[in-house]
Amino acid sequence: MGKGQIVAGYLAPHPPHQVYGENPPQNEPRSQGGWEQLRWAYERARASLEAHQPDVLLVHTPHWETTVGHHFLGVPNLKGKSVDPIFPNLFRYNFDLKVDVELAEACMEEARAAGLTSKLMTNPDFRVDYGSITTLHMMRPQWDIPVIAISANNSPYYLKMEEGLEEMDALGKATRRAIEATGRRAVVLASNTLCHFHFDSEPETPEDMTREHPQNWEGYQWDMRFIDLLRKGRTREAVEIMPQFIEEAFAELKSGGFTWMMAALGYPEIPAELHGYGTVIGTGNAVMEWDMDSDIARKTLAGVQA
């Protein structure tokens with residue numbers, strides 16, 4: 001077995017409106033479309049994911065909350081119905097997914113070795129959260145690649161933000177070691193929105209796009225500043241300003257998924273590909289990719305390791 005690698009990472013936001021707008025057979029509510037900018041961004045991301053030919057998709061989700069430790073899906077096959085507690089009128093999704101349990105166990109063990117409380121989720125009747133499902137569906141609606149969902153311990157909320165993000169950094173590095181040890185070609189997905197200010201009422205027709213725009217001008221400006229740094233490959237600079245971004249724009253990055261992904265990727269100083277940006281109930285959402293199989297990535301990593 002050769003050494004595994006992470007071939008790509010994606011910022012892949014999870015508002016359930018995107019699934020609702022697509023009308024897949026698994027989701028019960030029907031729509032007239034909507035949020036096309038984001039859904040078409042995901043179409044571009046799906047094409048690049050196909051080219052990477054990964055063995056497994058790992059997603060860190062903010063909506064599977066575990067107060068004690070970091071949990072990993074650990075059941076080979078999970079079926080059921082996931083309902084968004086805020087938008088049950090938009091998202092009632094019948095899921096059927098396969099889990100890479102061997103890698104999940106390796107991730108758990110590496111996390112424990114790093115001093116983090118971690119656990120496998122082994123309840124066969126577990127209801128998978130809408131954050132995981134939306135991100136995974138939007139990236140790979142065929143559901144033909146095994147997955148691992150990782151819970152949000154939300155340590156940045158309970159500890160000082162810097163301490164919490166350090167813990168997510170440790171979790172990301174542990175995840176990378178597990179992937180390398182098990183020989184997988186893996187893609188990591190951070191299921192996060194950027195600016196998280198949102199409207200508190202819904203239009204009569206939820207997919208009425210005349211009602212969709214950024215809720216907050218300052219939050220939109222923050223989103224553009226952050227995205228621009230990532231597009232230019234100024235990753236460290238983006239990470240350094242992230243605590244201020246979180247505080248001033250209520251950015252969902254606080255749940256830790258983005259830091260986990262960046263640590264797993266090794267904070268690559270390579271330009272991220274922006275597949276698209278759009279708002280959902282006023283929140284800012286970007287679909288972005290870090291291609292670790294690219295020539296630029298290989299040369300950058302070779303320079304770091306030299």
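What follows draws every value from the coordinates through simple rules; no lab data is involved. Just so it is clear, the structure is predicted and the values come from calculations on it, not from any experiment. Every residue, glycine among them, receives a Cβ derived from its backbone with ideal geometry; neighbour counts consider all protein chains shown.
If you average the alpha carbon positions of the range 154-207 and of the range 58-120, how far apart do those two centres end up, in angstrom? Taking the Cα centre of each part, the range 154-207 and the range 58-120 sit 12 Å apart. Based on C-alpha pairs under 8 angstrom that are at least 6 apart in sequence, the range 24-96 has a relative contact order of 44 percent.
I need the Debye-formula profile for the range 1-99: one equal scatterer per C-alpha, no solvent, reported as log10 I(q)/I(0) at q = 0.15 1/Å, two decimals. Result of the Debye calculation: -0.81.
A Cα-only calculation for the chain places Rg and Dmax at 18.0, 58 Å.
Each helix, a run of at least 4 DSSP H residues, gives -39500 (n - 2.57); summed and divided by the residues of the chain, these come to -12500 deg cm²/dmol at 222 nm. Any chance you could count the Lys pairs in the chain whose alpha carbons are under 29 Å apart, treating pairs 8 or more apart or on different chains as valid? Lysine pairs meeting both conditions in the chain amount to 22. Assuming charge only on the beta carbon of Lys and Arg (+1) and of Asp and Glu (-1), the dipole of the chain about its Cα centre is about 720 debye to the nearest 20. The residues neighbouring residue 155, those whose beta-carbon lies less than 13 Å from its own, together hold a net charge of -4 under the Lys/Arg +1, Asp/Glu -1 convention. Under 1.5 on a/c is rounded, so check that first for the range 109-198, then, if it is not, pick prolate when a/b is larger than b/c and oblate when it is not; a ≥ b ≥ c are the square roots of the alpha carbon gyration tensor eigenvalues. In terms of gyration-tensor shape, oblate.
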